[in-house]
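Participant: Below is one structure. I have some questions about it.
The values are calculated or read from the model by the stated rules, or taken from the named source; none is laboratory data. All values reported here derive from a predicted model rather than from experimental measurement. Cβ: placed from backbone, ideal geometry, glycine included. Neighbour counts: every protein chain shown.
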Number of protein chains: 4
Amino acid sequence: MIKEGDFILLYGGKKAQFLIKYSRKKPFFESHLGKVEFPDEFDFGDVLFTTKKKPLYVLRPTTSDLVFRVKRLTTIMYPKDMGYVILNLGIKSGDRVIEVGSGSGAMTIVLASIVGEEGMVYSFERRKEFLENAAYNVKRAGLHTRVKFILRDVEKEGFGVFDADSAVVDVPEPWSLVEHVKRAIKGGAPVFFLSPNIEQVQKTYKALQEHGFVRMKTVEILEREIRISEGKTRPLERMVSHTGYLTFAHKVNHEE
Amino acid sequence: MIKEGDFILLYGGKKAQFLIKYSRKKPFFESHLGKVEFPDEFDFGDVLFTTKKKPLYVLRPTTSDLVFRVKRLTTIMYPKDMGYVILNLGIKSGDRVIEVGSGSGAMTIVLASIVGEEGMVYSFERRKEFLENAAYNVKRAGLHTRVKFILRDVEKEGFGVFDADSAVVDVPEPWSLVEHVKRAIKGGAPVFFLSPNIEQVQKTYKALQEHGFVRMKTVEILEREIRISEGKTRPLERMVSHTGYLTFAHKVNHEE
Amino acid sequence: MIKEGDFILLYGGKKAQFLIKYSRKKPFFESHLGKVEFPDEFDFGDVLFTTKKKPLYVLRPTTSDLVFRVKRLTTIMYPKDMGYVILNLGIKSGDRVIEVGSGSGAMTIVLASIVGEEGMVYSFERRKEFLENAAYNVKRAGLHTRVKFILRDVEKEGFGVFDADSAVVDVPEPWSLVEHVKRAIKGGAPVFFLSPNIEQVQKTYKALQEHGFVRMKTVEILEREIRISEGKTRPLERMVSHTGYLTFAHKVNHEE
Amino acid sequence: MIKEGDFILLYGGKKAQFLIKYSRKKPFFESHLGKVEFPDEFDFGDVLFTTKKKPLYVLRPTTSDLVFRVKRLTTIMYPKDMGYVILNLGIKSGDRVIEVGSGSGAMTIVLASIVGEEGMVYSFERRKEFLENAAYNVKRAGLHTRVKFILRDVEKEGFGVFDADSAVVDVPEPWSLVEHVKRAIKGGAPVFFLSPNIEQVQKTYKALQEHGFVRMKTVEILEREIRISEGKTRPLERMVSHTGYLTFAHKVNHEE
């Protein structure tokens, strides 16, 4: 049965997808498809009907859904990119991971959902407004016990965290944080940088080389949706062509 | 310090990457870069030198590394696709996930690394040879306590697992398993199908529609690597253009 | 000097590009950038200023410009696809080419601009309204002496043209024309089919195989624009992902 | 009937495509498919059989075929890119076009096939060896009356050609030729630059801006082949991911 505080994805078609947090205090939902009343007892997988007789399916939201539907104050990373990062940083249950900046908390949610109760995400942000919004989003997702939010200008003060399993760096000037990242992660560990522009990647490479990092790799991930429809199967006509360059590197323990 | 049984990625350049499982019984490694002796004590992030004076960096392998370097009897899913699946099935710490078929155990390793000790992966395979190889790979990765391998022809016998959080289906005729998947996963839960050919996707859609699934979506994920090099920055000249179509859907509890 | 009837591309920035046909009878042009008066004498490459003091450059339009700015009653082929077709049909000065259907005359303009005065484009269309609009666009481009427009249902009546160097087929059911195409083009000559959906391509292949065509090939052409800007160089964020599948084949002279 | 000197594409399958120039002096052809004797009279579209009983279809080569099969001393532009250039420079029957460098003459063949007998291609190359090879390839294609090859270091001496309709620049340091291009082409006319690396494009933009060019645009063209096969339809697994950045601009007549 759906319980107080559960996230529900109400699905009424491709252009009618709504993520809500269920509460008995507000036992209804309204949209352009009409109003739907929630019965006293209902469950995931059920179909409800709106006042306009439109079906709304009660689905379990995925991590992509949670991510796309956070309250945003910033642009957020796309699931296509986040998934690639998870695999290429080797994020897993129990990991201690650094994130900077917190942004809107979208990637924080992904990291926290994977590191689990034994792991920890250290999420750094220097703008208070962003940090508070990110913390709100993470708390709403019920993942706040796995995240420490830290309001700090990392470039000046460093992370103050050591032996992290990996780091996710999504700031406009990532090269300025390479030295701090090096101190904060384990020997041989991987780090990830997201940058929309090629010049940012070029500068980050220089900083990585100066600090002895190895195994640098930069990729773009493209997602192309296909419409499957009898006699009309084809890729969608428009797509997101670029979100950012994903750069990875590993730390080496040079004596300094 | 590196301990008995640790996975190490020895990195000597883009074309010299070796994943080994460290054992004191064989304290050396040989490749085209020469032979390297492992010291009594060494750590991730260290640099070793081969007999040909080439550096080999001792790096922490990522999930991508573990996946790409399993002993293969089958084609394996690519990390670019696996990451997308993780986000779009919402795989997280503590989940109970169904996988069919086990293949070479590559995706099994990814799932097990994320669901953690509280979660469980039920991995079904009907060819004994594949199942044994997958189990070997998973055990080698130290993740066997999180995986139940089941030798079974699911089309005939069903999964015998219920209320799973999601399912990963990677078999040549996925449409034949849709009914069984429906019984095995929770109401409203997501399922994923991998198919290289468009006709497979079309048949799977028909089966999904017949069984009342909703929110079908099919995508391709493309990975494009960029060479960052002073004055010579550009995408690599060749890329993997197609691995498979990724199809997602959610279960609905229709009375039958 | 600009002469009566010349096509001019007035360029005031990426979102202010206007193709006009110059006439002394209307010696001014108005847009959101303001009004510009044409001097008695001006030339390609000149800069004019609008009443809002915005520069408008007098540029020579390319074939892409002529194509994108025809009066449209139908969707038109994209220049990225047209260019590929020119090379892969081997369209050249002096060729006799069949086109079906005329659509809005966009591809007709491209073909006519290349076959020249010694060549000829036979453009078939069964909807009078489309044919008249295509003929208007071609005449406006000054290429009408190189095109014969023919109002005909080719499926029923055939082309009535023989020994064509190649054929461009852009109709919803191209498979129904394969037999007619075979009669109309030279032995060993190439033919091109444009189809948005994969099922159309599959049916066309069957028809091509039944009629003994060989060397079938199907491609998609993707165009990705890059913004070059100091410190902000990157691909544009959105792109056209799919226009159609381009299929090519060659005729073989089987005795029938 | 096939005549002395005709180009023939012998087609025996995707991996057995041979471009030959027919001569009675050598009335046979040998390949891994066996030997085939040419009959006294045969025609395009005919099927010949080899000594191994394999069919070889006698097809008309397209411009792509001529281009891909020139004798190469350099890398050549790809047909996917060439076609886009034709449309975006507006190359047409009768044009006078500048090309630098000649390379292996592949693009020269395309340009010459389109400008026709009334047009002219001015092809500049500073390395004698390349120029001679390009001239050989163009002559072999029977297009030499439409091309003037000029051995010259354009950076030092300029083009010495004026009022060209457009220019194709494919050299390692295109920025060094921008001033010369400006002198050589008509007011408002377009110019094209091919560069594999992004830094080359960035430098070219600077030079274009300094010389008052407008309407700069840079794109990449990607070609993705689809296998159409019953039950096995899908994109090919590997593709050429990058050949080069295509940059376009138009000349403006600033007083200098």
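Participant: Taking residue A:176, is it assigned by TED's automatic domain parsing to the domain that holds residue A:86, out of contact with any strand residue (DSSP E or B) (no Cβ under 7 Å at 6 or more places or on another chain) and at pLDDT 95 or above?
Facilitator: For residue A:176, the condition - assigned by TED's automatic domain parsing to the domain that holds residue A:86, out of contact with any strand residue (DSSP E or B) (no Cβ under 7 Å at 6 or more places or on another chain) and at pLDDT 95 or above - is met.
Participant: Go through D:131, D:111, D:87 for me and flag whichever is in contact (Cβ under 8 Å) with a residue 12 or more places away in the chain and either over 28 Å from residue D:11 (Cα atoms) or part of a loop (DSSP other than H, G, I, E, B) (or both).
Facilitator: D:131
Participant: How about segment C:135-162: which of its residues are within 16 Å of residue C:63 (Cβ to Cβ) and surrounded by 19 or more Cβ atoms within 10 Å (Cβ to Cβ)?
Facilitator: The answer is C:137, C:138, C:141, C:143, C:146, C:147.
Participant: What about residue D:191, is it over 18 Å from the mean Cα position of the chain (by Cα) and aliphatic (A, V, I, L, M)?
Facilitator: When the stated conditions are applied, residue D:191 does not pass them.
Participant: Inspect all residues belonging to segment B:163-179 and state whether any of them is among the aliphatic types (A, V, I, L, M) and surrounded by fewer than 21 Cβ atoms within 10 Å (Cβ to Cβ).
Facilitator: Looking through segment B:163-179, at least one residue is among the aliphatic types (A, V, I, L, M) and surrounded by fewer than 21 Cβ atoms within 10 Å (Cβ to Cβ).
Participant: When segment A:27-43 is examined, which residues are found to be part of a strand (DSSP E or B), of a type outside the set (Asp, Glu) and farther than 22 Å from residue B:212 by Cα?
Facilitator: If the condition is that a residue be part of a strand (DSSP E or B), of a type outside the set (Asp, Glu) and farther than 22 Å from residue B:212 by Cα, then A:28, A:29, A:31, A:34, A:35 are the ones that fit.
Participant: Determine, yes or no, whether residue A:56 is surrounded by fewer than 19 Cβ atoms within 10 Å (Cβ to Cβ), outside any loop (DSSP other than H, G, I, E, B) and touching a Leu at 6+ places or on another chain (Cβ under 9 Å).
Facilitator: no
Participant: I'd like to check something: does segment D:194-213 contain any residue that is assigned to a strand (DSSP E or B), at the interface with another protein chain (Cβ under 8 Å from one of its Cβ atoms) and on the phi < 0 side of the Ramachandran plot?
Facilitator: The answer is no; no qualifying residue exists.
Rundown of residues vs (1) in the same structural domain as residue A:217 (by TED's automatic domain parsing); (2) out of contact with any strand residue (DSSP E or B) (no Cβ under 6 Å at 6 or more places or on another chain); (3) free of Cβ contacts under 8 Å to residues at least 12 places away in the same chain; (4) not in a strand (DSSP E or B), yes/no style:
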position: A:19; (1), (2), (3), (4): no, no, no, no
position: A:45; (1), (2), (3), (4): no, yes, no, yes
position: A:82; (1), (2), (3), (4): yes, yes, no, yes
position: A:93; (1), (2), (3), (4): yes, yes, no, yes
position: A:99; (1), (2), (3), (4): yes, no, no, no
position: A:103; (1), (2), (3), (4): yes, yes, no, yes
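Participant: Taking residue C:41, is it acidic (Asp, Glu) and in the same structural domain as residue C:152 (by TED's automatic domain parsing)?
Facilitator: no
Participant: Among the residues that make up segment D:76-92, is at least one of them more than 10 Å from chain C (Cβ to nearest Cβ) and either within 29 Å of residue D:178 (Cα to Cα) or touching a Cys at 6+ places or on another chain (Cβ under 6 Å) (or both)?
Facilitator: Yes, that holds for at least one residue.
Participant: Just to check your reading of the model, which residue among D:45, D:83 is more than 14 Å from the chain's Cα centre (by Cα) and surrounded by 13 or more Cβ atoms within 10 Å (Cβ to Cβ)?
Facilitator: So the residue among D:45, D:83 that is more than 14 Å from the chain's Cα centre (by Cα) and surrounded by 13 or more Cβ atoms within 10 Å (Cβ to Cβ) is D:45.
Participant: Another question, if that's okay. Considering (1) more than 14 Å from chain A (Cβ to nearest Cβ); (2) under 28 Å from residue A:91 (Cβ atoms); (3) in a loop (DSSP other than H, G, I, E, B), say which one residue B:24 fails and leave the rest.
Facilitator: (2)
Participant: I've got another one for you. From the list B:221, B:226, B:185, which one is buried (at least 18 other Cβ atoms within 10 Å of the Cβ), at the interface with chain A (Cβ under 10 Å from one of its Cβ atoms), closer than 30 Å to residue D:78 by Cβ and over 19 Å from the mean Cα position of the chain (by Cα)?
Facilitator: After applying the criteria, what remains is B:226.
Participant: Among what's in segment A:229-256 and is among the hydrophobic types (A, V, I, L, M, F, W, C) and surrounded by 15 or more Cβ atoms within 10 Å (Cβ to Cβ), pick the residue that is nearest to residue C:195 (Cα to Cα).
Facilitator: A:239
Participant: Is one or more of the residues making up segment A:155-178 in contact with a helix residue (DSSP H, G or I) (Cβ under 9 Å, 6 or more places away or on another chain), facing chain B (nearest Cβ under 10 Å), within 26 Å of residue A:66 (Cβ to Cβ) and outside any loop (DSSP other than H, G, I, E, B)?
Facilitator: yes
Participant: Output the residues belonging to segment A:231-256 that are more than 29 Å from residue A:191 (Cα to Cα) and either more than 8 Å from chain B (Cβ to nearest Cβ) or assigned to a strand (DSSP E or B) (or both).
Facilitator: A:231, A:232, A:234, A:235, A:236, A:237, A:238
Participant: Just give me the residues in segment A:43-70 being more than 10 Å from chain B (Cβ to nearest Cβ) and at pLDDT 95 or above, in sequence order.
Facilitator: Across segment A:43-70, the qualifying residues are A:48, A:49, A:50, A:51, A:52, A:53, A:54, A:56.
Participant: From the residues in segment D:188-199 that are touching a Leu at 6+ places or on another chain (Cβ under 9 Å) and closer than 16 Å to residue D:243 by Cβ, which one is surrounded by the most Cβ atoms within 10 Å (Cβ to Cβ)?
Facilitator: D:193
Participant: Taking the stated definitions as given, is residue A:64 more than 24 Å from residue B:220 (Cβ to Cβ) and either touching a residue at least 60 places away in the same chain (Cβ under 8 Å) or crowded, with 20+ Cβ neighbours inside 10 Å (or both)?
Facilitator: Judged against the criteria, residue A:64 is not a match.
Participant: What residue, of B:192, B:248, is in contact (Cβ under 8 Å) with a residue 60 or more places away in the chain and within 27 Å of residue B:132 (Cα to Cα)?
Facilitator: Being in contact (Cβ under 8 Å) with a residue 60 or more places away in the chain and within 27 Å of residue B:132 (Cα to Cα) holds for just one of B:192, B:248, which is B:192.
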